[in-house]
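Written below as structure tokens is the structure these notes are about.
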Amino acid sequence: MTDRLHHTVEPASSGRAKCKGCGELIAKGILRFGERLPNPFSDGKLMTHWFHVDCAAMKRPEPFLETVSQDDFGIEGSELDALRTIAEKGMAHRRVPRIDGAERSPTSRARCRHCREAIEKDSWRIGLVFYQEGMFNPSGFMHLACSNDYFETTDILDRITRFSDELSGEDLNDIGAILGRM
């Protein structure tokens, strides 16, 4: 096996691969980030986990920055700068890459990972995931109001928007207003 795993950024050769970050298909020809990891089912072989480049910058900032620091891989200057800024924010605030979208709580059974209080029904909550052994594992929820204490920043609306499928413009305005008051 190689000592160094060579991650890559390349155009998708087909539209079959799903992004490990958001779960959506990566369209053919779109730039994608490939994180190479040891395959636990094969000695000495590597497997590749594919991400949209923005999902990689948000969910896997360290390997993303390591890869794009070696080459720009055809990403234009302003887009590359924006992606680097997103990834650097994830490195500076270690819990920010755990964000997996936001939603209204369907029940009041879930407890906040930060304050341990129940999350009231119909209040906003942020879904969290942990990255372990090449997989994103669901790890509970937290109050939107606890985000500043937990993430050490309220500049998280871009990640909430990216990983929340069904939020309307009104929902995003509501979430932005709550984050803005903190």
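By a straight-distance test (C-alpha under 24 Å), which lysines pair with residue 89 as possible cross-link partners, with residues fewer than eight away in the same chain excluded?
Hits, sequence-local ones excluded: 20, 59.
Show me the ranking of peptides 18-24, 134-140 by mean Cβ neighbours inside 10 Å, starting with the highest.
Going from most to least packed, we get 18-24, 134-140.
Taking only Cα atoms and a 10 Å spring cutoff, compute GNM fluctuations for the chain and point out the largest among 83, 25, 144.
Ranking 83, 25, 144 by mean-square fluctuation puts 25 first.
What's the long-distance tail for the chain, i.e. % of Cα pairs beyond 25 Å?
When all Cα pairs of the chain are counted, 38 percent exceed 25 Å.
Antiparallel versus total DSSP beta bridges in the chain: what percent is that, nearest 5?
The antiparallel fraction comes to roughly 95 percent.
Say we join alpha carbon atoms closer than 10 Å with springs in a Gaussian network model of the chain; which of 154, 48, 107 then has the biggest fluctuation?
The residue that fluctuates most here is 107.
If you put +1 on each Lys and Arg Cβ and -1 on each Asp and Glu Cβ, how big is the dipole of region 96-180 around its Cα centre, in Debye rounded to 20?
380
No value in this document is a laboratory result; all are computed from the given coordinates. Remember, predicted model here, so these are calculated numbers, not experimental data. Please note: Cβ atoms are built from the backbone with ideal geometry, for glycine as well, and neighbour counts cover all protein chains shown.
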